[in-house]
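Take a look at the structure below.
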Amino acid sequence: MNILINTGHPAQVHNFKIVKKIIEKKGHRVFWLATNKDVSRYLLNCYEIEYAMMPQPGKSFLKKAMTLLSNTVVAIKFFRRNKIDLAVTRVSPYIALAAFFLRKPHIALSDTETSGIYDTIFTKFVSAFITAKSFRRTLRKDQIRLNGNIELFYLHPKRFRPDDSIFDLLGINKNEPYVVMRFVSWDAYHDKGLSGFTNINKFKAVKAFSNYARVFVSAEKELSPELEPFRIKIPPEKMHDALAYACMFFGESATMASESAVLGTPAIYLNESWLGYTDEEADSGLLFKFKSHLEDQEKAISKGVELLASPDTKNVLRNNRNTFLKDKIDLTAFMVWFIVEFPESLRIMKKKPDYQKRFG
């Protein structure tokens, strides 16, 4: 088959990179269409993935509507030129419309309930819609629910081993504890109307945590002069190694909080919108979640100090992680099977949802 993968957010590159490699080893050809959000293009080049680019939508409704039309045309031409047999996306509206128009199968995944109207509308056009069991919305009667979350595509123990050379990149000794903090720009569609830590509380957290560990700050935009000296300076593809060996994650990114959680690193997550997978991780003792109002910002900082002050925190989290993973499947193995055997795989999952346990 000729298979198309479409990605936007950098996490989606991680999501499908291993799937692509395995599918190609099985003799299929994989094409990649991407939008250049944050470090997406950097990661694609880093992993030596050949790709074509699509324009990124503007922020206004009119610009988004114009991009929807133009990118759908781009996608239709790409399908035809490369004789695409099947598409795999994280609910791309462009690919959804192009595949529907051309009557091509389209497999879509989602893990963000706050994507709102996008998923509500465009999942109606896809051939198969896949979410985690923790996903709180039911957008289709035939929605496929899996035991796992998106981060386990690339951070499952069968797929990822942390590299301790990260300590050299960070410029610290291997026995030196450190914290990774992440502050987002709040300009994504699903972040509309939301905000995070105040600058005062960001610096307050850095000062408090510095009493227990080195602090490294990752941010999507410029940092204040007080925080800039703490900016983490490592290649983006090494961030998962940094999260794996950190003694704590603290921040506003649901993706990085979840990545830390499934790696066994205690995660403090502050966001007004809690998601199904972060709720599940919180219930499993892997993640501590807070809202964005000032009182909760103070509570989040206090919780961070509490975790750093306890010598048993990391061991407790690793045990919790092992328990969490017991009923989770290897999503990469499942996805490869689902794509290669489609549409028979869809028929099997509709009839026997527990068939996924074969990929445990």
**Of all DSSP beta bridges in the chain, antiparallel share, percent nearest 5** = 0
**Message:** Keeping every protein chain present and rolling a 1.4 Å probe, give me the accessible area per residue for the chain in Å².
**Reply:** 45
**Request:** Just subtract the alpha-carbon distance of E341 and R358 from 0.36 nm times their residue separation and send over the number in nm, one decimal.
**Result:** 4.6 nm
**Item:** Cα-based Rg / Dmax (Å) for the stretch 210-360
**Value:** 18.3, 58
**Request:** Please report, in debye to the nearest 20, how large the charge dipole of the chain is about its Cα centre when each Lys and Arg carries +1 at its beta carbon and each Asp and Glu carries -1 there.
**Result:** 1540
**Request:** Sort the following peptides by mean Cβ neighbour count (other Cβ atoms within 10 Å, averaged over residues), highest first: 337-343, 321-327.
**Result:** 337-343, 321-327
**Request:** Average the reciprocal distances over every distinct pair of alpha-carbons in the stretch 50-89, invert the result, and give the Kirkwood radius in Å.
**Result:** 11.3
**Item:** Residue pairs, from the table K63/K133; K291/K352; K59/K158; K158/K289; K299/K357, whose Cα atoms sit over 31 Å apart
**Value:** K63/K133; K291/K352; K59/K158; K299/K357
**Complete:** Residue ranges of DSSP H helices in the chain that stretch 27 Å or more (Cα, own long axis) and have mean Kyte-Doolittle hydropathy of at least -0.5 are 61-82
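Peptides 94-104, 291-301: what's the order by average Cβ count within 10 Å, highest mean first?
Descending packing order for the listed peptides: 94-104, 291-301.
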**Message:** Rounded to two decimal places and with Rh computed the Kirkwood way over Cα pairs, what is Rg over Rh for the chain?
**Reply:** 0.96
**Item:** Inter-label distance for R136 and I172, nm, one decimal - labels placed 7 Å from Cα along Cα-to-Cβ
**Value:** 3.3
**Asked** Going toward the positive end of the dipole of the chain, with +1 on Lys and Arg Cβ and -1 on Asp and Glu Cβ, which of I95, F197, Y212 do you reach last?
**Response** I95
**Message:** Under a Cβ-only charge scheme (Lys and Arg +1, Asp and Glu -1), can you give me the dipole magnitude of the stretch 1-149 about the Cα centre, in debye to the nearest 20?
**Reply:** 280
**Protein accessible area in the chain, 1.4 Å probe - carbon and sulfur %** = 53
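The values are calculated or read from the model by the stated rules, or taken from the named source; none is laboratory data. Please read these numbers as outputs of a predicted model, since none were measured by experiment. Don't worry about glycine lacking a Cβ; one is built from the backbone with ideal geometry, like all the others, and counts go over all protein chains shown. What goes into the accessible areas is simple: the full protein's heavy atoms, side chains included, and nothing from ligands, DNA or RNA. Shrake-Rupley method; radii C 1.70, N 1.55, O 1.52, S 1.80 Å.
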